[in-house]
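**Q** Mind looking over this structure? Questions follow.
A short reminder: the numbers here are calculations on the coordinates, not readings from a lab. In this text the structure is predicted, and so the values were computed from the model without any measurement. Backbone-built Cβ (ideal geometry, glycine too); neighbour counts: all protein chains shown.
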Amino acid sequence: MPKPAKMLEQRIDHFFSMPAERADRWRDVVAAARAWSVGRADQNAAEAAFAELGPIEGFHAFPGSALMARLSDRLRGGDAVGFTDLVRRVSAAIVTRDFKYDPAEWRTTEEVVDTPADVLPPTLRHGDAKRPYFEMLIVAPGATTQAADQIAQLRNLRRPEDAFIYEIVPVDSFEDAICAAIINPDIAAVTIFEGFNYASRHSAPVLRSVLSGLGLDGARAEDADLALLLANSLKRLRPDLDIYLLSDRQVENLAGDARSASIRRVLYAIEEPLELHLSVLEGIQDRFETPFFDNLKRYARRPISTFHALPLARGKSVFKSDWIRDMGEFYGINLFLAESSATTGGLDSLLEPTGNIKRAQEMAARAFGADHAFFVTNGTSTSNKMVHQAIVAPGDIVILDRNCHKSHHYGLVLAGGQPLYVDAFPMTEYSMYGAVPLRSIKKALLDLKAEGRLDRVKMVDLTNCTFDGHIYNTRRVMEECLAIKPDLVFLWDEAWFGFARFSPVLRPRTAMGAAAAIETWIHGLAAVEAYEKQQQELGSDPTVDELLTTRLLPDPRKVRIRVYQTNSTHKSMSALRQGSMVLVKDVDFYTVESQFHEAIFTHASTSPNQQLIGSLDVARRQMELEGYGLVLNAIEISLAIRRAVNSHPIISKYFHMLGADGMIPAQYRESGFVDFLAPDTTWASQVRSMHDDEFCLDPTRMTLVCGTAGFDGTEFKALLANVYDIQLNKTSRNSVLLQSNINNTRSDVAQLVRVLLEISNGIETRLARGGDGERNALAARVKSLMTDVPDLPNFSHFHEAFRQDAGRATPEGDMRTAFYGAYDATGCEYIPLHGDECNRRLREGPEMVSANFVIPYPPGFPIMVPGQVITEETIEFMRKLDVKEIHGYEKARGLKLLKPEVISTKLRH
Ligand SMILES: *Cc1c(COP(=O)(O)O)cnc(C)c1O
């Protein structure tokens, strides 16, 4: 009986670190084998290590059952040298991934020696070039016992002209199929034969808790349509998978069954296997294709004379020049061959796409679960302004987080929308803000409703996740807001979070993931009933407090799902800087479509960069083909870093990484979840937290507290950059933010830990040599950084002059009028931040009203907006602020204010 493998352990970090641990386990087998072969250890140790590999090997094509059997034979037969030799090679191939390209890796040494390459059966040839490699999961009754035949049969179908190459992973149960899809990122296609079992041959408690957490445990052995259920479950887990069903039922009927929507193709079980082979390759091709980029490459190859205004195109002005040739040598010729200002030659127009850009955008919409996707080549700064302009008309109210990226605030100035700022919970200790509690958003809506002004609210606009990693419960936020106003539009700024689509754990918390879930819910049978029941419980006249404490359900018959997401594709995926997307899932998009295009025309450059568009196309291809594994890896790395820092005996004396409990107050972790690495965290609790809690932490965004080592954030960032070549981009008074992404490897973890250890050892040495004096100095520094922290100012309020049509109970304001008020220089004055004049005005008035945005970096959000009354808290914060870069504030002149006499002319009489 197979021994339960490590994957079956409850700890969630084990689950994420499966690939790395797999390699580690193979390394252990190699070590045990070596010891055995030189007589340092006995066969039992090798057998034990080999057994540790466990059932998860069965979820990978390589080494596969044949090589595993060979290994097992040598082991049992006492062939220490033969076993060691083979185990060493297999282990190396798993680490280097050479098995993808080298068919020799799939055979034993004797087979390689005995079989000259030219007599190798074609079935084993992987081909000449490095064709992209993937694995196909086959779920079939008896699949594991008949694996060898099936593998041979499918390998036989390989043709030299196939663009991709694949190997088979056979399993024979529902549970094993899910398991394989979760832990093997190479799986890109699944073929299901009917008649397989439900239960795994292995005992799999963790798998079962994951299944139940994902709502996939509805299936039972007795289910008539286990095949359809499996298809749907796999698709929910990994929407990227192509699923084929081989059935001997009436294929026509099955194809018409709504539940078969997740199946790419249904084939007769008796049909030619070649048909399956071709379908599978076509499915991959469908994702591999990058319509714009493919054409750009073709374009670059053609001889073209240009008479348009882009001298750089084709590179002649560069390569013929004595003076700028190095630019050409640096970037290479293709950059210039692929440059054009034309929209002919099949290059299409980003502003009004009809050809391959249109197709590329449609494919992006598919990949990200949206109805429409729009490529933007000026960053999410522009994407946000586009959405604001498209949706918001002058006077409309937008509920937003004051800590939103500045593009939202500027977007509102341009569109003339009135911001109703809601405050995020403060994390004063670390000088940063969290996210906005849902209660505050509901309160704002209910206040507007009480004043009969709900119709003025157009949009709720939030950042998901925040810079520091707070993830909203997007579904709950939207459902509860829609319960108050069923046609609200949502803008989710997911600048950092685009990658989350490709993690089954994070996806439900993305804008598009939640929108899809709500859509499913409103069309389900139980929705109306649940809504009616809640209405009854609430009665005809619920109090505001009841509404605030109830998890409100919207009326499924009235809800309009109108969701916009913006993401900086360049921040979390392989797009060039400024590559961004707007994703739209809006049932009423047709009502705003022409405005949306106007917004594109307003903001998009008429000379969009071809390489940027190409990179957006390619980033989509990558995520659709390997995003699942890349994101899994990014999460794994972040967990490894968290674990390494927090458990290191020396590093953890001076530094620590904030867990979910350090980043999110307990009241927002309703499930009781503590942290990914807390000792009693299980998969079930992790999944429950992701489902229920108001806020979760994105594990890939790691706040490292450095104030406890005596460094302020800026100083520590500079130290890492200048001395250790480690770059990061955000700091707070006493912390820095590290992030892992699809680009990181295990060696980055090792490097970071090494550096932190070196710095910690430096402190230890200093303290040891410096005695009490040194210790006191450090303690004082730590106290100043960690304890004497400035309070974080909330948004104060708009001056009454800019609230002419505002409600009494709600704080929105006409920021645009204030903003343009400052265009009359004679109407503005400057007051030094540190002088008596400032103090006197605070004490005696008249009130100081900001003429512009004041945005300190970090934290990067406006602590003053035009029309805002400046209060003592804001001044205190500004005075304590120890950052150099403050946009909108000239130190020499002071705060820029609107003069009281100008303001009074704007007041209501
Ligand atoms: C970076 C960022 C933006 C702006 O995106 P760019 O692609 O840099 O223009 C917008 N919102 C948030 C939350 C961001 O972090």
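**Q** Restricting to DSSP H runs of at least four residues, report the calculated mean residue ellipticity at 222 nm for the chain, -39500 (n - 2.57) per run over all residues, nearest 500 deg cm²/dmol.
**A** Using -39500 (n - 2.57) per qualifying helix, the result is -14000 deg cm²/dmol.
**Q** List the residues whose amide H sits under 5 Å from the amide H of T191, counting only those 5 or more places along or on another chain, with H placed 1.01 Å from N in the peptide plane.
**A** L137, I138, V139, Y244
**Q** How do the peptides 678-690, 433-445, 558-570 rank, highest first, by the average count of neighbouring beta carbon atoms within 10 Å per residue?
**A** Ranked from most to least packed, the peptides come out as 558-570, 433-445, 678-690.
**Q** Whole number please: convex hull volume per residue, Cα atoms of segment 757-909, in Å³.
**A** Output value, Cα hull per residue: 157 Å³.
**Q** Explain nothing, just compute: Karplus ³J(HN,Hα) = 6.51 cos²θ - 1.76 cosθ + 1.60, θ = phi - 60°, for every residue of segment 334-340 in order, whole Hz, x for Gly and Pro.
**A** Values, residue by residue: 4, 4, 7, 5, 8, 8, 7 Hz.
**Q** Report the net charge of residues surrounding V139, where surrounding means a beta-carbon distance below 9 angstrom and charges are Lys +1, Arg +1, Asp -1, Glu -1.
**A** Net charge in that neighbourhood comes out at -2.
**Q** FRET efficiency for L525 and R131, Cβ-Cβ distance as r, R0 = 60 Å, nearest 0.05?
**A** The value I calculate is 0.80.
**Q** Now for a separate question. Indicate the gyration tensor shape class of segment 385-459 (rounded, prolate or oblate), computed on the Cα atoms with a ≥ b ≥ c the square roots of the eigenvalues: a/c under 1.5 is rounded; otherwise a/b larger than b/c is prolate and the rest oblate.
**A** Cα axes put segment 385-459 in the oblate bin.
**Q** So, one more: Provide the per-residue ³J(HN,Hα) series for segment 576-589, in order, calculated from phi with Karplus coefficients 6.51, -1.76, 1.60 and θ = phi - 60°, each as a whole number of Hz, with x at glycine and proline positions.
**A** 5, 3, 5, x, 9, 9, 10, 10, 10, 9, 9, 5, 9, 4
**Q** Need one word for segment 659-765: rounded, prolate or oblate. Basis is the Cα gyration tensor (sqrt eigenvalues a ≥ b ≥ c); a/c below 1.5 gives rounded, then a/b vs b/c decides.
**A** It is prolate, given that a/c is not under 1.5 and a/b is the larger ratio.
**Q** Under the Karplus relation 6.51 cos²θ - 1.76 cosθ + 1.60, θ = phi - 60°, what is the ordered set of whole-Hz ³J(HN,Hα) values for segment 284-295, x standing for Gly and Pro?
**A** Each residue's phi maps through the Karplus curve to give 5, 4, 4, 8, 5, 4, 10, x, 6, 5, 4, 5 Hz.
**Q** For the chain, taking Cα atoms only, what is the radius of gyration to one decimal and the Dmax to the nearest whole Å?
**A** Computed over the Cα atoms of the chain, radius of gyration and Dmax are 30.2, 100 Å.
**Q** Taking 8 Å as the Cα distance limit and 6 or more residues as the minimum spacing, I'd like the relative contact order of the chain as a percentage.
**A** Relative CO of the chain lands at 10 percent.
**Q** Compute the relative contact order of segment 616-692 as a whole-number percentage, counting only Cα pairs closer than 8 Å that sit 6 or more residues apart in sequence.
**A** The normalised contact order for segment 616-692 reaches 19 percent.
**Q** Just the projected area, averaged over all directions, of the convex hull on the alpha carbon atoms of segment 287-424: how many nm²?
**A** Value for segment 287-424: 12.1 nm².
**Q** Considering only DSSP states other than H, G, I, E and B, which trypsin sites (Lys or Arg not before Pro) in segment 302-391 qualify as loop sites with at most 13 other Cβ atoms within 10 Å?
**A** Loop-located and lightly packed - K320.
**Q** Select from segment 688-762 those chymotrypsin sites (Phe, Trp or Tyr not before Pro) which occupy a DSSP coil region and have at most 16 other Cβ atoms within 10 Å, ordered by residue number.
**A** Nothing satisfies the criteria.
**Q** Okay, next question. Which FRET efficiency value, to the nearest 0.05, is calculated for E774 and A750 with the Förster distance at 30 angstrom and r the Cβ-Cβ distance?
**A** Working from the Cβ atoms, E equals 0.50.
**Q** Chymotrypsin sites (Phe, Trp or Tyr not before Pro) within segment 811-909: which are DSSP loop residues with at most 13 other Cβ atoms inside 10 Å?
**A** Answer in residue order: Y823.
**Q** For the pairs K406/K730; K385/K449; K358/K585; K406/K717; K385/K442; K385/K443, note any where the Cα-Cα span goes beyond 19 Å.
**A** Over 19 Å apart, Cα to Cα: K385/K449; K406/K717; K385/K442; K385/K443.
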